[in-house]
1. Can you give the convex hull volume per residue for the Cα atoms of region 514-561, as a whole number of Å³?
2. Enter the accessible area per residue of the chain (Å², integer; probe 1.4 Å; all protein chains in place).
3. Taking 23 Å as the cut-off for C-alpha to C-alpha distance, list the pairs among Lys342/Lys618; Lys75/Lys382; Lys7/Lys50 that go past it.
4. To the nearest µm²/s, what D does Stokes-Einstein give for region 376-473 at 10 °C and 1.306 mPa s, using the Kirkwood radius over alpha carbon pairs as Rh?
5. Restricted to Cα positions, what overall size does region 92-174 have along the principal axes? Three whole-Å values, descending.
6. Ignoring ligands, DNA and RNA, please state the percent of accessible area on the chain from carbon and sulfur, probe 1.4 Å.
7. Calculate the length of the line joining the C-alpha centroid of region 295-323 to that of region 84-98, in whole Å.
8. Taking the Cα atoms only, what angle lies between the long axis of helix 580-609 and the longest principal axis of the chain, rounded to 10 degrees?
Amino acid sequence: MINQMKKLSLIVLASDAERVMNSLAFLSCAEIEKTDAVPGSLHVPDMAEKRRETEQGLDALRFAIPYLSPDRKDKRGFLSGERTSLRRSDVESLPENARRALDGAYRAQQIEKELLSLGEERRRQSERIRSASPWLGLDVALGFEGTEHTSAVFGTLPASEGEACRRLSEMGAFSEIVCREASTLSLFVLYAKRDEGEVMAALSAAGFAKLRFAKGTGTAAQEIENARLAIAQLDQREKLLLDEKKALAQRCADMEMAYDILDTRLGILEQREKTAGTEHTVFIRGWIPAKQEKRLMTALAGHICSCELSDPEEGDDVPVQLHNPALADPFEALIGLYSYPKYGSFDPTLIAGIFFSIFFGLMTADVGYGFLITVGCLILLKRMKPRIGLARFLKMFAICGVFSMAAGVLFNGWFGDLPAQFAEKILGVDDFGGMWYLIDPISDPIAFFILSLVMGAVHLICGMVIKMGMLIRSGDVFSAVFDVGSWLVVFLGIALYAFVGTAGGIVALAGVLMVVLTHGRRQKNIVMKFFSGLLGLYDIVSYMSDLLSYSRVLALGLSSAVIASVFNVLATLGGSSAVSLVLFPLVFVLGHALNIALSLLGSFIHSSRLQYVEFFGKFYEDGGRPFSPMAPRLTYTELSLEEPESQNSV
């Protein structure tokens with residue numbers, strides 16, 4: 001059902017506003033609405049500086065946690081649901097361990113920057129070694145530029161231009177090929193300054209590429225030695241930083257707590273910015289479920305404030321909170337994937353959950369598959385202890401798995417036809433009687449098709465009955481009886497005709513007359529009333545189209561059974577020979593795992609489609625806005641059980 005909501009108007013002292021907001025956050029039942037500023041009267045608080053500081057800490061933790069996690073010793077497995085407890089006092093005053101963890105996160109950022117800087121410096125020193133290596137055979141400083149009357153240059157020539165040295169000698173210049181490589185020659189040239197123009201022209205013509213070393217650079221051997229010493233120092237510094245990083249990694253658990261504390265604080269600051277106030281007071285507006293009124297008053301008892309709760313008024317954007325029994329609650333996830341119902345309308349969660357489970361079971365229809373789905377989901381719930389969103393999906397599929405098992409018994413699904421195939425091919429039992437079943441979709445698809453349509457008809461009629469109830473509750477009894485009830489009479493007559501003949505036809509005819517005589521009642525001209533009534537009979541096409549949509553139940557159920565049977569045939573090809581010891585388990589596990597995945601996906605999609613299009617199309621009023629209360633924002637931790645107000649944590 002849809003919970004009744006109350007409009008909250010709360011005035012608190014400005015000095016007490018932070019404590020009140022914390023109380024509301026841990027109460028987790030109040031959604032805060034934006035209060036606009038009024039010039040000269042109400043102003044919106046400036047939380048920019050506090051937000052900037054909090055976001056800066058969150059950014060550091062958001063970087064540090066995954067960065068340091070590979071080195072932490074208290075690693076938690078994927079299925080581990082263990083979480084640290086978080087108390088309200090931790091949010092109000094950052095604990096010392098969380099404070100140290102935050103400092104550690106900032107330090108992790110610095111370490112990463114320094115490691116990147118060390119990497120850049122190591123590459124620079126490696127390049128220094130690479131550029132000096134060709135000149136190891138020259139006992140001249142690489143920074144040498146010549147004397148008072150001479151100039152020196154270092155560079156490279158193409159390997160094919162070795163004759164250039166002879167031409168340089170003829171000019172009176174000294175040249176030495178220091179290193180020969182496959183495509184280049186490392187060349188040192190010393191020449192008189194007065195011959196510079198002629199020498200450089202000859203070098204340029206030979207394709208000489210001049211190298212420039214920094215002034216004061218020593219010999220190649222000295223350069224390489226200095227670079228290696230620098231790299232050794234870099235390695236030593238890197239080791240110290242990596243050791244520090246490993247030490248910081250042991251604070252990851254505290255960093256996770258710090259992250260949730262700061263994220264919760266940020267959420268409260270964001271909500272605080274929705275309030276407005278004067279110099280001494282703060283005005284808070286919002287919504288709470290009516291049933292939470294007592295908890296709210298208890299939480300506010302320790303504060304000096306004025307609190308008023310009122311019913312919604314016409315035009316208010318009232319949020320929607322659904323409340324259903326434990327077995328129906330998981331199917332609220334199904335409603336959330338579509339759209340929440342409009343406030344004050346009908347909540348179909350319970351009924352939609354029942355039909356979703358039935359159609360899911362019919363489409364999967366296998367005892368083994370249903371068992372694995374249910375047990376798998378229950379194990380994940382036990383081990384992971386997931387948040388409410390994922391927990392709802394897991395519970396929903398666990399329930400659907402039970403329906404799959406029930407359908408498997410009725411429709412002969414035991415990992416497909418595994419018992420018969422195994423008994424005949426592996427055990428050699430020719431007279432295996434098989435398992436009891438009601439309908440076998442493979443051998444009798446028509447019966448299964450009829451069953452699918454019957455269930456579809458029940459589904460559609462249920463939606464129409466809900467629509468009748470909504471119209472009657474709104475006071476429009478005439479529309480309920482003649483716009484919806486007339487078609488129910490038609491369908492009842494058609495059903496009766498199959499059993500009692502003429503009497504059923506008379507009932508169906510009465511329903512048709514109800515449609516013809518009332519469908520055009522909004523027309524003013526009597527002729528138009530009649531023809532509009534006749535046109536109303538065209539709705540039968542829509543109803544038939546909706547009904548035929550349920551043939552997908554046959555398609556999904558049949559495909560799942562056939563695929564399972566094919567894998568069973570392949571798995572038992574080895575017969576009673578030793579080959580089956582390898583072939584059977586391999587094909588059985590891989591084949592049925594694939595079929596379970598396909599069945600799970602297909603059944604979920606098509607069962608959802610039957611709810612959203614065929615069922616909801618008969619009555620559903622969407623457009624509701626989900627109730628989003630201010631609450632602790634927890635990613636890594638959970639609220640301490642000692643917190644008396646923490647019931648609906650996010």
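1. Details: hull volume 2.6 nm³, N = 48.
Given the Cα convex hull of region 514-561, per-residue volume reads 53 Å³.
2. On the way: 33290 Å² over 650 residues.
For the chain, the per-residue accessible area is 51 Å².
3. Table pairs above 23 Å Cα-Cα are Lys7/Lys50.
4. Numbers: Rh = 17.2 Å.
For the chosen part, D equals 92 µm²/s.
5. 87, 33, 19
6. Carbon and sulfur together cover 60 percent of it.
7. For region 295-323 versus region 84-98, the Cα centre distance is 28 Å.
8. 70 degrees
The values are calculated or read from the model by the stated rules, or taken from the named source; none is laboratory data. The shown structure was predicted, so the numbers you read here are calculated from the model rather than taken from an experiment. Cβ: placed from backbone, ideal geometry, glycine included. Neighbour counts: every protein chain shown. In case anyone asks, the SASA skips ligands and DNA or RNA and just uses the protein heavy atoms, side chains included. Shrake-Rupley method; radii C 1.70, N 1.55, O 1.52, S 1.80 Å.
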